[in-house]
Amino acid sequence: MKRIFEKFKLSYEVRIRLILLVSTFLLFDLFWSIQTTFRAFSYPETYINALTVSLILLLPYIFSRKDRFFLPIVFILDLLLIANLMYNRTYNSAIPLQSYLIADNLTDFLPSVIASIRWSDFLLPLLMLPFFFVRRKNTEENWRKGFRNVLVLCVTLSLCLVFVMGGLVNAIKSRKTINDYMCVTPAYTIFGMMVYDSLTSGTHISEEESSEIADYLRQHVAISSPADSLGVRKNLVLVLCESLESWVLEKRVEGIEITPNLNKLIRNQSTLYAPHVLSQVKGGRSIDCQLMVNAGLLPVESGAWSLLYPKNRFFTLTKAMKERWNTHSWLLTADRPTIWNQQAVALAFGIDSAMYRNDWKMEDASGPRKNIGDAALMSQAVELMKHGKLWNKDNNVFIQFVTYSGHHPFKLSEDLHRIHLKGDYPEMLRDYLVTANYTDHALGILIDYLQKRPDYKETMIVIMGDHEGLAGDRESLCRTRQGKGLVSDKPFVPLIIINSPKPMRYESVMGQIDIYPTLLHLMQLQDYVWKGLGKSILSVDKSPFAIAPNYHIEGDITKVSSSEIDNLKKAYAISDKIIRYNHLYNWDGKRK
């Protein structure tokens, strides 16, 4: 390094600032790799791009020779890097470019954000400390020329590495494989990912991409078994439980049954239970789950689809039920209508009516945003149903609940605790168990009422986790004495279908994308124009595996062909194109 500085005659001041910036990027890469993979450190791009971006960030100082132009850049850089580390601990990716524009969402999730901070993150700004103890030296001659030469050399090398890969978009896409998926951010820096997001956010579809989508949909069969023998269900109640994972069900801790109500339902002979549903959400989290379950589409590659494409045309479970039975649909959520653009999503999905945070009496306030607690949400909804305001006995309905109390970091006020564990548990594990027990109690209130309704025989109730909850803390909790053997090392969420026309216990791995066609199948809506990108678990040829957003395979693939695995992986890219280009706008459902 010293020889390079001397060869290009970089001044002492520039050297120090350049070393600080490059070290900041490499330390970020180290922290990123600790929670993912160190493979990125074997790529030349990791070092060349870190040096190139550092030189570019130094340009304001080079032209001004003023530290007041250098220090703000480093401060903003540290904030961006720390924010991306925190984001990666939950979403396994860098912050999408579009997500920087939704800072108002952040205020509602502030406690969750704080909970994802690690003390090591503060080492990034601490790297600046040596700078304040460095005295200036006289500047060597021709130092600007030397800086220019280094910059040109590094930019040229970066561009060459990208060029041989077919451009930045192709370079990053080629690295988004099961082994290299998490390496693209260290290799191309967060700024490279921002450029990638901007280059791939276009809305014009090429003929080649259109044909690719059409070919995929033509050969995809979501429902391959008849449903004529199934009983008719004209009402659907869907409950999306915030961060509920499967491992907490059917478990006792210190002799205490954590989810007694759900366990009782699972044992019921009319229940379909699938404990190994792979969480497939991405940057949109809860709203991604609603996309998969309601519309049969996978999340977009980058960003939150609900903020980018809320006016798209979607074929949904809501519209299928309305078409068949003229149902009235409701969305009941503890969130504000602007969170994840929920109000626009409800409209796009064809939901008739909705109740948001301000429509409820704020009771059992819980979670980081002190929203209505799950038990209060269920109790108030039940009262509205009893009075015919949500569910008139003469009408068919689709009611979707979105609970809130299970939101990370799983903090309930003491007065809402229904179990009290005596053991020395990690704080997050204890909080999660207590919260799961409280949500189970809330679900008991709803189920008890629904089972007493006169139209219960024609009603199907679906309870599921909207996404995994432990994220970056899973591995550490599994290693603890208390968590070992209790906490699952897999991000599985439960699917519980009560009063199912086809009861079963489905132990094989399935994806969240498979829920939409399964519900269509169970409710005899298999003739609906859009059957989704998943596969009904009632289909005889359903394979027992699923693909995670990072392309990791979960399940049994011993008897599965490589082409079928590739096909499921490809579904992510196909879904991204369908949403990004609003491909269903003029789609008639015909397999051309």
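The values are calculated or read from the model by the stated rules, or taken from the named source; none is laboratory data. These figures come from a predicted structure and were not determined experimentally. A quick note on method: Cβ atoms are made from the backbone with ideal geometry, for glycine too, and the neighbour counts reach across all protein chains shown. Ligands, DNA and RNA are excluded from the accessible area calculation, which covers all protein heavy atoms including side chains. Shrake-Rupley method; radii C 1.70, N 1.55, O 1.52, S 1.80 Å.
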Checklist outcome for this item: Note on the chain: helices (DSSP H) long enough, at least 15 Å by alpha carbon along their axis, and hydrophobic enough, mean Kyte-Doolittle at least 0.5, are 12-34, 44-57, 67-91, 143-163, 184-199
Checklist outcome for this item: Checked against a 30 Å limit on the C-alpha separation, the offending pairs among K389/K577; K173/K319; K311/K457; K234/K389; K264/K490 are K389/K577; K173/K319; K311/K457
Item to check | 10 Å Cβ shell holding at most 15 others, DSSP loop, GluC sites (Glu not before Pro): longest site-free stretch of the chain | outcome: 364-506
Checklist outcome for this item: Of the accessible area of the chain, computed with a 1.4 Å probe and all protein chains kept, carbon and sulfur make up a percent value of 56 percent
Next on the checklist: Skipping prolines and chain starts, which residues have an amide H placed within reach, meaning under 5 Å, of the one on Y506, given they are 5 or more residues away or on another chain?
Outcome noted: Y273, A274
Next on the checklist: On a straight-distance basis, which aspartates and glutamates could pair with K531 in a cross-link, Cα separation under 19 angstrom, same-chain partners fewer than 8 positions away excluded?
Outcome noted: E212, D215, D228, D288, E323, D514, D541, E564, D576, D588
Checklist entry - For P(r) over Cα pairs in 20 Å bins from 0, in percent, the listed values are (1) 19, 50, 25, 6, 0; (2) 19, 52, 27, 2, 0; (3) 18, 42, 29, 11, 0; which was obtained by calculation from the structure presented? => result (1)
Next on the checklist: Name the residue from V397, I579, L51 whose Cα lies farthest towards the positive end of the charge dipole of the chain, charges +1 on Cβ of Lys and Arg and -1 on Cβ of Asp and Glu.
Outcome noted: L51
Next on the checklist: Could you tell me which residue out of A375, S64, I19 lies farthest along the dipole of the chain toward its positive end? Charges go on the beta carbon: Lys and Arg +1, Asp and Glu -1, centred on the Cα centre.
Outcome noted: S64
Checklist entry - For S413, what charge total do you get from the other residues with a beta carbon under 10 Å from its beta carbon, if Lys and Arg give +1 and Asp and Glu give -1? => result -1
Checklist entry - If you take the charge dipole of the chain about its Cα centre, with +1 on Lys and Arg Cβ and -1 on Asp and Glu Cβ, which of G511, I117, I223 is farthest toward its positive end? => result I117
Item to check | Electrostatic dipole magnitude of the chain [Cβ: Lys, Arg +1; Asp, Glu -1; Cα centre; debye, to 20] | outcome: 1200 debye
Next on the checklist: With the cut-off at 1.5 for a/c, could you classify the stretch 435-584 from its C-alpha gyration tensor as rounded, prolate or oblate?
Outcome noted: oblate
Checklist outcome for this item: Using alpha-carbon positions, the gyration tensor of the stretch 431-480 gives root eigenvalues a ≥ b ≥ c; with a/c under 1.5 called rounded, otherwise prolate if a/b exceeds b/c, else oblate, the class is prolate
Next on the checklist: Using the crude model of +1 on Lys and Arg Cβ and -1 on Asp and Glu Cβ, and no other charge, please compute the dipole size for the stretch 395-489 relative to its Cα centre, in debye to 20.
Outcome noted: 240 debye
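State the three equivalent ellipsoid semi-axes of the stretch 349-411, derived from the C-alpha gyration tensor as the square roots of 5 times its eigenvalues, in descending order and whole Å.
24, 13, 9
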Next on the checklist: Given points 7 Å out from each Cα along the Cα-Cβ axis, report the E507 to N149 separation in nanometres with one decimal.
Outcome noted: 7.0 nm
Item to check | FRET efficiency for I557 and R267, using Cβ-Cβ distance with R0 set to 35 Å, rounded to 0.05 | outcome: 0.70
Item to check | Rounded to 5, the percent of DSSP beta bridges in the chain classed as antiparallel | outcome: 40 percent
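With the cut-off at 1.5 for a/c, could you classify the stretch 258-392 from its C-alpha gyration tensor as rounded, prolate or oblate?
Details: a/c = 1.26, a/b = 1.18, b/c = 1.07.
Verdict is rounded for the stretch 258-392.
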Item to check | Dipole in debye (nearest 20) - the stretch 9-79, about Cα centre, beta carbon charges: Lys, Arg +1; Asp, Glu -1 | outcome: 280 debye
Checklist entry - How high is the relative contact order of the stretch 506-592, in percent, counting Cα pairs under 8 Å that sit 6 or more residues apart? => result 26 percent
